[in-house]
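The next block holds one structure in the form of structure tokens; read it before the comments.
The values are calculated or read from the model by the stated rules, or taken from the named source; none is laboratory data. This is a predicted model, so every value here is computed, not measured. Positions of Cβ are generated from backbone atoms using ideal geometry, with glycine treated the same way; all protein chains shown enter the neighbour counts. Calculation scope for accessible area: heavy atoms of the full protein, side chains included, ligands and nucleic acids excluded. Shrake-Rupley method; radii C 1.70, N 1.55, O 1.52, S 1.80 Å.
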Amino acid sequence: MGIVIALIAVLVVLLSGLSTGLVNDGVSGLKSMPATAFAFDEGTMTDNAFSRSLVDDEQLEYWAQAEGIESAEPMGVSIVNGTSDQGTQVDLTLFGVEPSGFLAPELSEGSGLGAPDGIVVSETARAAGLEVGSVVTLDRVGLDLTVVGFTAGQATFGHVDVAYLPIGTWRLIASNTATPGVPTEATVLAADYPYSSVVALRAAAGSSIDIEAGDDAAGTMTMLRTEAFNASPGYEAETLTLSMIQVFLYAICALVVGAFFTVWTIQRTHEIAVLRAVGASSGYLLRDGLAQAAMLLVGFTAIGVAAGVGLGAIMPEAMPFELEAAPVAFASLLTIALGLLGAAVAVLRIARVDPITALGGQR
């Protein structure tokens, strides 16, 4: 039984790490942004809304003047393919932002955004061979972008590394007027494309955003930052699938542990009847059974968690796996609690037996 509990704990840890890894791989670029909410164009389908939406500067202006808004900035989102100057094919999610705005990324290396051809890429993009000074040529567009820095930590969107670039350069690419080569200030200004994917909103300190009034005035559909995670490709389907697996795993844990303690308690029916006959209460028998169950659950859950953490450390880099202390601790405590619940139901059922009937006149 201890081995079974340990194996369940291993599965709980691995699922927790996979769930956290998938979330980070899907929306870590959004999680790191200091935005309160994102305003999409009204009527945009929520599935993959960041790439479907298109808002204009007039909608941006409405939100910039809305009550409770400290800052409203345009943000462009698109997924592109490219080739580095080393001949390596790379996939990037372009985040077009104001170089000096609140969406500009924090850096771990290099310089910030400024030049039209400069991009700041996710720290995880180093695995593709990118480094400061690398040039990425976008497929079909032929635009040459130079890596000028790396973000502080992972920044991905839709399981693709993020590349931050000036919003003007993003608009040049989105307008389909870009010519092969290095973008310049002149080509960016000539694009004349007054659109972005969304409006990023930051609420003023101590204020809240009147989303309904703002949407009515601007013709937008606004989601809080955490709600907007579902607007990234595949995020909702992945998280719901893993959540369902975890729920069934917890249910299995309670049932398996409960079934084991039911059998174990039935084997002690005569002993329990003797204790009842000499005056032991149901509460005493329950505490005694739960104490033994707790020792088994805590001890082997700890072994399983340690084994799961060890397996997590050797997971391949291609797998989006990341362990965080809080989710692992919560999952472990929930496993123990559900196991104790199953044990309590089993012990109570047997502890209420009539001692005369249980003994059958044999003692």
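Counting only residues that are closer than 21 Å to R202 by Cα and open to solvent by 50 Å² or more (accessible area, probe 1.4 Å), the range 68-89 holds 1 of them. Among the residues making up the range 331-363, those that are surrounded by fewer than 13 Cβ atoms within 10 Å (Cβ to Cβ) and either of a type in the set (A, V, I, L, M, F, W, C) or modelled with pLDDT of 85 or more (or both) are L333, I356. Note on the range 165-210: among residues that are of a type in the set (S, T, N, Q) and open to solvent by 20 Å² or more (accessible area, probe 1.4 Å), the one that is nearest to D57 (Cα to Cα) is S175. T20 passes every criterion in (1) among the hydroxyl-bearing types (S, T, Y); (2) under 21 Å from the mean Cα position of the chain (by Cα); (3) farther than 30 Å from A254 by Cα apart from (3). Of all residues in the range 1-43, those satisfying the criterion of being of a type in the set (D, E, K, R) and assigned to a helix (DSSP H, G or I) are D25, K31.
Entry remark, the range 40-98: residues being at positive phi and without any contact (Cβ under 8 Å) to a residue 60 or more places away in the chain number 1 in total. Of G289, G310, G283, G299, all but one fail to be surrounded by 15 or more Cβ atoms within 10 Å (Cβ to Cβ) and assigned to a helix (DSSP H, G or I); the exception is G289. Apart from one condition, G219 fits all of (1) surrounded by 14 or more Cβ atoms within 10 Å (Cβ to Cβ); (2) at negative phi; the exception is (2). I'm trying to understand the selection: among the residues of the range 44-67, which are over 24 Å from V80 (Cα atoms), open to solvent by 80 Å² or more (accessible area, probe 1.4 Å) and assigned to a helix (DSSP H, G or I)? Within the range 44-67, E58, E61, Y62 qualify. Are any residues in the range 118-133 in contact (Cβ under 8 Å) with a residue 40 or more places away in the chain and buried (at least 21 other Cβ atoms within 10 Å of the Cβ), and if so, which ones? Correct list: G118, I119, V120, V121, S122, L130. Among the residues making up the range 255-280, those that are open to solvent by 60 Å² or more (accessible area, probe 1.4 Å), closer than 12 Å to A343 by Cβ and either touching a Gly at 6+ places or on another chain (Cβ under 7 Å) or touching a residue at least 60 places away in the same chain (Cβ under 8 Å) (or both) are L255, F260.
For T241, the requirement of being under 28 Å from A331 (Cα atoms) and open to solvent by 60 Å² or more (accessible area, probe 1.4 Å) is met. In the range 32-43, the qualifying residues are those that are modelled with pLDDT of 90 or more and under 28 Å from A152 (Cα atoms), and the one that is surrounded by the fewest Cβ atoms within 10 Å (Cβ to Cβ) is P34.
Restricting attention to the range 199-241, the residues being over 11 Å from T46 (Cα atoms), touching a residue at least 12 places away in the same chain (Cβ under 8 Å) and of a type in the set (A, V, I, L, M) number 12.
Would you say T156 is at pLDDT 90 or above, polar (S, T, N, Q) and open to solvent by less than 20 Å² (accessible area, probe 1.4 Å)? Yes.
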